[in-house]
Every structure is written in structure tokens, then in C-alpha cells.
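J.: Take this structure, written in C-alpha cells, and hold onto it; I'll ask about it next.
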Amino acid sequence: AAVIPRWIAALLRGDPVHINGDGQTSRDFCHVSNAVQANVLAACCGLPAASHEVFNVAVGQRTTLVELFEAVRRQMQVTVPDRADALAGRQPEFRPFREGDVRHSLADVSKARRLLGYAPTHALAEGLAAAMPWYVAFIR
């Protein structure tokens with residue numbers, strides 16, 4: 001999701017973090033490790049039932065934008081401890097909803113679980129913990 005690196009960059013620079021709408025819009029944020037796992041399983045499963053199929057690859061958990069902001073901010077405080085106090089009081093700025101934006105999105109990963117044995121290893125917190133040091137080093 002493009003919003004994660006954009007928010008990390010804004011928090012590092014001290015710029016505002018913008019949320020379109022009331023912050024209750026939700027998504028199923030998925031770390032790349034989950035996508036890699038699903039692709040390896042699909043490539044190696046050898047099951048005819050999985051051939052030529054389309055699978056949803058995600059975590060199967062809905063996260064609101066307000067929850068995402070809090071998770072990003074918390075993980076940044078751990079990853080960049082010298083900025084922890086400055087980040088503690090940060091709040092997002094809310095803007096109007098974007099026209100045409102989908103309010104809620106949650107992937108059904110049951111087919112991938114059933115046919116591939118897919119089991120997400122990185123929920124939001126684990127994905128942010130794994131990715132945050134890279135984002136911070138890259139953006140700084």
C-alpha cells in the first residue's frame with residue numbers, strides 16, 4: 001500500500017499525515033512475505049485442483065486507516081527511538097473523502113488456505129516491524 005511509505009516519510013520529515021475521510025475506511029494490508037509464500041506454494045503444490053486458479057493473497061484482517069496510523073507511529077517509535085517523543089503526540093489530519101474510494105476491503109483467503117496451505121506469516125504489526133528499518137534507511 002502506497003500509504004505506508006508516504007506516511008513514514010511524512011512522519012520522519014515532521015510533515016502532516018493526511019487521512020481521507022473519517023479514518024474508518026479499512027483495508028487488508030499485506031506484507032510482501034505473504035505474497036512470496038503464496039507464490040512459492042502455488043508453484044510447488046503440484047495439485048491439479050490449484051492449476052489455473054486465481055487466489056486472494058492477503059492477511060484476512062481488516063485495518064482502519066486510524067489503526068494503521070497508530071501502528072505506523074508505534075513502530076516508528078521503536079525503530080527510531082531518538083524521534084519517539086516527537087512522534088508520541090502526532091495525530092493525522094483529516095481531509096474529505098475521495099470520490100470513488102472503496103470504503104472497506106477485506107480479502108477472503110480461504111481458497112488459498114484450502115488449496116495451497118497458505119497461512120499468512122506477517123499480520124500488520126509483524127509486517128511493519130520487518131519493513132520499517134528499510135523504509136527509514138531508504139527515506140532518510
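J.: Under unit Cβ charges (Lys, Arg +1; Asp, Glu -1), what dipole magnitude, rounded to 20 debye, does the range 28-140 have relative to its Cα centre? Don't skip to the answer; put the middle values down first.
T.: Details: 12 positive and 11 negative charges, 6 e Å.
Its charge dipole is roughly 20 debye.
J.: Going by alpha carbons, how many degrees (0 to 90, nearest 10) lie between the helix axis of 32-44 and the longest principal axis of the chain?
T.: Long axis of 32-44 versus the principal axis of the chain: about 10 degrees.
J.: Are there GluC sites (Glu not before Pro) in the range 1-110 that DSSP puts in a loop and that have at most 16 other Cβ atoms within 10 Å, and which ones? Could you put the intermediate results ahead of the total?
T.: Values: sites: E53, E67, E70, E93, E99; in loops: E53, E99.
Passing both the DSSP loop test and the Cβ count: E53, E99.
J.: What distance in nm separates the two pseudo spin-label positions at E99 and I139, each 7 Å out from Cα along the beta-carbon direction?
T.: Taking the two extended label points, one gets 3.0 nm.
J.: Given the -39500 (n - 2.57) contribution per DSSP H run of 4+ residues, what per-residue ellipticity at 222 nm results for the chain, rounded to the nearest 500 deg cm²/dmol? Walk me through the intermediate numbers first.
T.: On the way: 6 runs with 67 residues, N = 140.
Result for the chain, helices only: -14500 deg cm²/dmol.
J.: State, as an integer percentage, the relative contact order of the chain based on alpha-carbon contacts under 8 Å between residues 6 or more apart.
T.: Values: 182 pairs, mean separation 58.0, N = 140.
Result for the chain is 41 percent.
Taken together, the values in this text are just the output of simple stated rules run on the coordinates, not laboratory data. Just so we're clear, the structure is a prediction, and the values are computed from it rather than from any experiment. Ideal geometry is used to build each Cβ from the backbone, glycine not excepted, and the neighbour counts take in all protein chains shown.
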